[in-house]
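The values are calculated or read from the model by the stated rules, or taken from the named source; none is laboratory data. In this text, all values refer to a predicted model and were calculated from it rather than measured experimentally. Backbone-built Cβ (ideal geometry, glycine too); neighbour counts: all protein chains shown. Heads up: the accessible areas ignore ligands, DNA and RNA and are worked out on the full protein's heavy atoms, side chains in. Shrake-Rupley method; radii C 1.70, N 1.55, O 1.52, S 1.80 Å.
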Amino acid sequence: MNYFFKSRPDTGWVSVGPASTFPDLGEDMGNLVEARLCKAHMQPGCKVFHVPKQNPSQAKEMILSADSLESSMTGDELLDQVVVFQYRGRFHAVDHRCPHSAYPLSNGMPFDIEDFGVKLSAGLTCPKHGWSFDLFTGLSDTGRYKLPVWEVQLRDEAGAKIIDPSESHGRAEERTVWIRRKQRMG
């Protein structure tokens, strides 16, 4: 047995559904959980999943009300939860719990991080105290808090082949979104 390459139990990939079931958020300036039109139905702009660290295969979707403008979960209820959404054509997955105030980030608002009109990155603002986090690095604009960012893959409908998100071939209906906790090095 090779002990150097043993996989940790919390690093398994989890399917979170077809890419076509995620509305593409952008210019509307609403929070993530706010209902939007997607495939002729109103549904929340994000999905939230409970992914147990010790067994990611037991992941289950937390149902958010499309009628509600806020997620009602708070504090420790948010542990082991991830919020997944599509912003300007890219899929993002981050811990649901704000590392600063334990507030549900599904109530947050995505935005572009710009400098002199040049888009550098994307961010998410927690509405409880107004702190913002970079969606790629997880770094906060205030303090030393860091939001755990998850890895995201687009795969074919069967979940077998990884699809390069920069390539426009294929329809969104044929793509599925997969997530996992970022692996720690060392």
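Listing for the model above:
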{"read-out": "Counted residues, the stretch 146-181 - those being open to solvent by 30 Å² or more (accessible area, probe 1.4 Å) and either touching a Gly at 6+ places or on another chain (Cβ under 9 Å) or at pLDDT below 80 (or both)", "value": "14"}
{"read-out": "Residue that is surrounded by the most Cβ atoms within 10 Å (Cβ to Cβ), among those in the stretch 44-78 that are under 22 Å from PHE111 (Cα atoms), of a type outside the set (Ser, Thr, Tyr) and at pLDDT below 85", "value": "LEU64"}
{"read-out": "Flag if ASP134 is of a type in the set (Asp, Glu), open to solvent by 60 Å² or more (accessible area, probe 1.4 Å) and closer than 27 Å to GLY12 by Cα", "value": "no"}
{"read-out": "The stretch 95-123: number of residues that are closer than 18 Å to GLY26 by Cβ and either surrounded by fewer than 22 Cβ atoms within 10 Å (Cβ to Cβ) or free of Cβ contacts under 8 Å to residues at least 60 places away in the same chain (or both)", "value": "12"}
{"read-out": "Single residue of the stretch 19-42 satisfying the filter (open to solvent by 50 Å² or more (accessible area, probe 1.4 Å) and of a type outside the set (Asp, Glu)) that is nearest to LEU64 (Cα to Cα)", "value": "MET42"}
{"read-out": "Answer residue from the stretch 96-127, given it is among the charged types (D, E, K, R) and in contact with a strand residue (DSSP E or B) (Cβ under 6 Å, 6 or more places away or on another chain) and is modelled with the highest pLDDT among those", "value": "ASP112"}
